[in-house]
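Undergrad: Got a structure for you, written out below as structure tokens; questions coming shortly.
What follows is calculated from the coordinates using simple rules that are stated; it is not laboratory data. Bear in mind the structure is a predicted one, so any value in this text is a computation, not a measurement. Cβ sites come from the backbone with ideal geometry, for glycine too, and all protein chains shown count toward neighbours.
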Amino acid sequence: MSTMKRNRDVTVIGLGLMGQALAGAFLRGGYSTTVWNRTAAKAEHLAAQGAKVADSVRDAVLAGPLVVVCVSDYEAVHTLLDPLGEELDGRVLVNLTSGTSLGARETAEWVTRRGGAYLDGAIMATPAAVGAEAVLLYSGPRSAFDLHESALRSLGAGTTYLGDDHGLSALYDVAVLSLMWNILNGFLQGAALLGAAGVDATAFAPIASKGIETVNGWVSAYARQIDDGAYPAVDSTIDTHLAAMEHLIHESESLGVNAELPRFIKALTDRAVADGHGGSGYAAMIEQFRPVGAVVKP
Ligand code: FVH
């Protein structure tokens, strides 16, 4: 691998909603920004802001030492980059396309074989937050992150390096998506229940926010219990939770609200009780989510 150089030239490949926001943030940060997109028209307003528009993916990659790609999926990433060879030698490729940890690790091997360094990234924000408060996660070689840290920081105040394992960004990404959908579905279940009694979702919203804050306050202590593999019932036992879940199911059923989600949660909880965790704290439910036969750190 050639010596990696740092300068103020950056490339952005993929100018969808997110790619345009990324390129705009680099331009505002004073970086000389080269862009390329399959549909060339999407580069026009960036060109008006000072971006250089490359004629090909190859020219875009050759324009600088830091190449950021953000397209729909990994298939598109490979469609664009597989025809390249030595052009990646000595460059850092940062892939901000959403995908899986396996895809990230395979792409890392592919880039490394061509003499480049690979950082996988996850954007935990909408385009409007890019260049401002956005959280962006990176994983891959520390040296590659360090080399381009200041450029990457111009994309978001929440820029975070996770570690050498290229798969970590994608894993954190899906972990946070899981969190988001579980919280949102809980809110929607609650809004449907109250809606059945004529209560507007806007009336529920402040109480829902307080409930989310309360749960937020439990996360650190539960994380410690999960890492320790011991789940003392500091606040409430799983048996107590189970009784409340039954109220939720009965209310939902009697009001004609969809009860599939609470029934599923109760089914998991029944299994935890059957495994002997009725008297444990809620963090013991982790055992219903771990892969079967997972080895827990001592
Ligand atoms: N937008 C968001 O809020 C989320 C936030 C979290 C992370 N995501 C991920 O970012 C990736 C890109 O998302 P996007 O919002 O920019 O998506 P689009 O606006 O739909 O733009 C898609 C770009 O991908 C290009 N593209 C797709 N397929 C190909 C292909 N086969 N060859 C070349 N380019 C391709 C597309 O090109 P064009 O249609 O304009 O010609 C756009 O540049 C994504 O992984 C999100 O999960 C965003």
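Undergrad: How would you rank 17-27, 165-175, 39-49, highest first, on the average number of other Cβ atoms within 10 Å across their residues?
TA: Per-residue Cβ counts within 10 Å, averaged per peptide and sorted highest first, yield 17-27, 165-175, 39-49.
Undergrad: Out of all DSSP beta bridges in the chain, what portion is antiparallel? Express it as a percent rounded to 5.
TA: 15
Undergrad: Quick check of the Kirkwood formula: for the range 200-288, what is the inverse mean of 1/r over all pairs of different Cα atoms, in Å?
TA: 14.3
Undergrad: While we're here: When the gyration tensor of the chain is built from Cα positions, what are the square roots of 5 times its three eigenvalues, in whole Å, from largest to smallest?
TA: 44, 23, 16
Undergrad: Provide the per-residue ³J(HN,Hα) series for the range 120-129, in order, calculated from phi with Karplus coefficients 6.51, -1.76, 1.60 and θ = phi - 60°, each as a whole number of Hz, with x at glycine and proline positions.
TA: Ordered by residue, 3J(HN,Hα) equals 9, x, 9, 9, 9, 6, 8, x, 4, 8 Hz.
Undergrad: What order, most packed first, do the peptides 74-83, 109-118, 208-217 have when packing is the mean number of other Cβ atoms within 10 Å of each residue?
TA: 109-118, 74-83, 208-217
Undergrad: Among the DSSP beta bridges whose two residues both lie in the range 32-168, what percent are antiparallel, rounded to the nearest 5?
TA: 20
Undergrad: Another question about this same structure. Please state the charge dipole magnitude for the range 227-298, taken about the Cα centre, from unit charges on C-beta atoms (+1 on K and R, -1 on D and E), reported in debye and rounded to the nearest 20.
TA: Charge dipole of the range 227-298: 220 debye, to the nearest 20.
Undergrad: Hey, rough spin-label estimate for N7 and S254, points 7 angstrom out along Cα→Cβ, what's it come to in nanometres?
TA: Spacing of the two 7 Å Cα→Cβ label points: 7.3 nm.
Undergrad: Using the Cα gyration tensor of the range 104-263, with a ≥ b ≥ c the square roots of its eigenvalues, what is the shape: rounded (a/c below 1.5), prolate (a/b larger than b/c) or oblate (neither)?
TA: prolate
Undergrad: Here's something else I'd like to know. Once you have the Kirkwood Rh of the range 3-165 from its Cα pairs, apply Stokes-Einstein at 10 °C and 1.306 mPa s and quote D in µm²/s.
TA: 104
Undergrad: Given the C-alpha centroids of the range 174-221 and the range 115-134, what is the distance between them in whole angstrom?
TA: 27
Undergrad: Take peptides 148-154, 84-90, 223-229 and line them up by average Cβ neighbours within 10 Å, highest first, as a rough protection proxy.
TA: 148-154, 84-90, 223-229
Undergrad: Another question, if that's okay. Please give the Cα centre distance for the range 18-96 versus the range 224-287, rounded to the nearest Å.
TA: Each part reduced to its Cα centre gives a spacing of 48 Å.
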